[in-house]
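To keep things clear, I will list the structure first and then write my remarks on it.
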Amino acid sequence: MPTAPAIYVRVSTVEQSVDSQVRDLREFCSARGLNDVTEYCDAGVSGMKDSRPAWNRCWDAVQKGRHNMLMVHALDRVGRSLPHLVMIMEYLRCHHIALVSYRENIDLSTSAGKMLAGMFALMAEYERNIISERTKAGLRQAKAAGKQMGRPRALFDEALARKLLVDQGFGQNKTARIMRASMTRVHAYRRRLESEGILPPTGYSVKGIKIVVEKPAILATRRKPT
């Protein structure tokens, strides 16, 4: 499949226009004899969004090998952040696709452009490390202050669990389903009731024990002859 250059332009609000970006890039292509250029325009789409309609089509075409050059008016038109931009640049470099930025006068297919891409990669790594260090420091400070880390623990209704396990004689599975609680919480609560002598050890049901106490003859008829 023949490849051709691509132009990607974007403005963040509907009040803005992509016309000036498109005009500059068309003139750039004309001056360099680039023909059959495909244009992708996102109008009124923030660069912070993960999904941008025109960019999605452009990137899909790039990944399918339909373009050998990607031209943008500025690098901030492409990446949501520096790490995201570096990821795009690295993909294009590995697949021998040129990235040209009009405003910065950068061609990442040249030696100077490759050096700049390497500097961007170092800056992105530095930014990730700084964010990671700040996050870890914040977690340590919160932990030292006695704050609970992670998702708050769901409340366990002990009164309802006692009613279901003791009064109703339900098993742990049914109790957990009714309460929408984990089996671990229900099992731990039952073990506590057993240790307090409120429930018999696991394996003996409340209903079964009541029947035996009220009608001991049933137990005698079920014993195997010696």
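Here are Ala220, Ala176, Ala142: which of them is among the small types (Gly, Ala, Ser), modelled with pLDDT of 85 or more and part of a helix (DSSP H, G or I)? Don't jump to the end; show me each part of the working.
Working: Ala220 fails: modelled with pLDDT of 85 or more; Ala142 fails: modelled with pLDDT of 85 or more.
Of Ala220, Ala176, Ala142, the one residue that is among the small types (Gly, Ala, Ser), modelled with pLDDT of 85 or more and part of a helix (DSSP H, G or I) is Ala176.
Out of the residues in segment 4-20 that are hydroxyl-bearing (Ser, Thr, Tyr), exposed (fewer than 15 other Cβ atoms within 10 Å of the Cβ) and farther than 12 Å from His73 by Cα, state the one that is farthest from the chain's Cα centre (by Cα). Can you show your working first?
Step one: list which residues in segment 4-20 are hydroxyl-bearing (Ser, Thr, Tyr), which gives 8, 12-13, 17, 20.
When the remaining residues are screened for being exposed (fewer than 15 other Cβ atoms within 10 Å of the Cβ), the result is 13, 17, 20.
This time we only want the ones that are farther than 12 Å from His73 by Cα, so: 13, 17.
Details: Thr13: 27, Ser17: 33 Å.
If we take residues in segment 4-20 being hydroxyl-bearing (Ser, Thr, Tyr), exposed (fewer than 15 other Cβ atoms within 10 Å of the Cβ) and farther than 12 Å from His73 by Cα, then Ser17 is farthest from the chain's Cα centre (by Cα).
Can you tell me which residue among Arg66, Arg80, Arg23, Arg32 is under 18 Å from Phe120 (Cα atoms), of a type in the set (D, E, K, R) and either surrounded by fewer than 18 Cβ atoms within 10 Å (Cβ to Cβ) or without any contact (Cβ under 8 Å) to a residue 40 or more places away in the chain (or both)?
Details: Arg66 fails: under 18 Å from Phe120 (Cα atoms); Arg23 fails: under 18 Å from Phe120 (Cα atoms); Arg32 fails: under 18 Å from Phe120 (Cα atoms).
Going through Arg66, Arg80, Arg23, Arg32 in turn, the sole match is Arg80.
For segment 31-51, name all the residues that are of a type outside the set (A, V, I, L, M, F, W, C) and over 21 Å from Arg66 (Cβ atoms). Give the steps one after another, and end with the answer.
Filtering segment 31-51 down to residues of a type outside the set (A, V, I, L, M, F, W, C) leaves 32-33, 35-36, 38-40, 42, 44, 46-47, 49-51.
Residues satisfying the conditions are Gly44, Ser46, Gly47, Lys49, Asp50.
Kindly indicate whether any position in segment 101-110 is hydrophobic (A, V, I, L, M, F, W, C) and within 25 Å of Thr13 (Cα to Cα).
Within segment 101-110, not a single residue is hydrophobic (A, V, I, L, M, F, W, C) and within 25 Å of Thr13 (Cα to Cα).
When you scan segment 91-104, how many residues do you find that are surrounded by fewer than 17 Cβ atoms within 10 Å (Cβ to Cβ) and touching a helix residue (DSSP H, G or I) at 6+ places or on another chain (Cβ under 7 Å)? Talk me through it step by step, then tell me what you get.
Of the residues in segment 91-104, the ones surrounded by fewer than 17 Cβ atoms within 10 Å (Cβ to Cβ) are 91, 94-96, 103-104.
Next, from what is left, pick out any that are touching a helix residue (DSSP H, G or I) at 6+ places or on another chain (Cβ under 7 Å): 104.
The total comes to 1.
Could we say that Glu133 is under 30 Å from Pro83 (Cα atoms) and either part of a loop (DSSP other than H, G, I, E, B) or not basic (Lys, Arg) (or both) here?
Values: under 30 Å from Pro83 (Cα atoms): yes; either part of a loop (DSSP other than H, G, I, E, B) or not basic (Lys, Arg) (or both): yes.
When the stated conditions are applied, Glu133 passes them.
Would you tally the residues in segment 23-41 being farther than 23 Å from Asp60 by Cβ and either of a type in the set (Asp, Glu) or not assigned by TED's automatic domain parsing to the domain that holds Val100 (or both)?
2
Checking Arg57 against (1) basic (Lys, Arg); (2) closer than 26 Å to Ala121 by Cβ; (3) surrounded by 15 or more Cβ atoms within 10 Å (Cβ to Cβ), which test does it fail?
Every listed condition holds for Arg57 apart from (2).
Does Met71 qualify as being among the aliphatic types (A, V, I, L, M), out of contact with any strand residue (DSSP E or B) (no Cβ under 9 Å at 6 or more places or on another chain) and either at pLDDT below 90 or surrounded by 19 or more Cβ atoms within 10 Å (Cβ to Cβ) (or both)? Don't jump to the end; show me each part of the working.
Working: among the aliphatic types (A, V, I, L, M): yes; out of contact with any strand residue (DSSP E or B) (no Cβ under 9 Å at 6 or more places or on another chain): no; either at pLDDT below 90 or surrounded by 19 or more Cβ atoms within 10 Å (Cβ to Cβ) (or both): yes.
No.
Being closer than 15 Å to Leu199 by Cβ and part of a helix (DSSP H, G or I) is the filter here; which residues of segment 161-173 pass it? Talk me through it step by step, then tell me what you get.
As a first pass, look at segment 161-173 and keep what is closer than 15 Å to Leu199 by Cβ: 161-172.
Across segment 161-173, the qualifying residues are Ala161, Arg162, Lys163, Leu164, Leu165, Val166, Asp167, Gln172.
Among the residues that make up segment 58-66, is at least one of them of a type in the set (Phe, Trp, Tyr) and touching a helix residue (DSSP H, G or I) at 6+ places or on another chain (Cβ under 9 Å)? Step through it out loud before you land on a result.
Restricting attention to segment 58-66, the residues satisfying the condition of being of a type in the set (Phe, Trp, Tyr) are 59.
Pick out the ones that are also touching a helix residue (DSSP H, G or I) at 6+ places or on another chain (Cβ under 9 Å) and you get 59.
Checking segment 58-66: at least one residue is of a type in the set (Phe, Trp, Tyr) and touching a helix residue (DSSP H, G or I) at 6+ places or on another chain (Cβ under 9 Å).
When you go through (1) in contact (Cβ under 8 Å) with a residue 40 or more places away in the chain; (2) under 24 Å from the mean Cα position of the chain (by Cα) one by one for Val45, which number turns out not to apply?
Among (1) in contact (Cβ under 8 Å) with a residue 40 or more places away in the chain; (2) under 24 Å from the mean Cα position of the chain (by Cα), the lone unmet condition for Val45 is (1).
I'm told Met87 meets every condition in (1) within 26 Å of Ile130 (Cβ to Cβ); (2) crowded, with 16+ Cβ neighbours inside 10 Å except one. Can you identify the failing condition by its number?
Against the list (1) within 26 Å of Ile130 (Cβ to Cβ); (2) crowded, with 16+ Cβ neighbours inside 10 Å, Met87 comes up short only on (2).
The values are calculated or read from the model by the stated rules, or taken from the named source; none is laboratory data. Since the model is a prediction, treat every value here as computed from it, not as a measurement. Methodologically, a virtual Cβ is constructed for each residue, glycine included, from the backbone with ideal geometry; neighbour enumeration extends over all protein chains shown.
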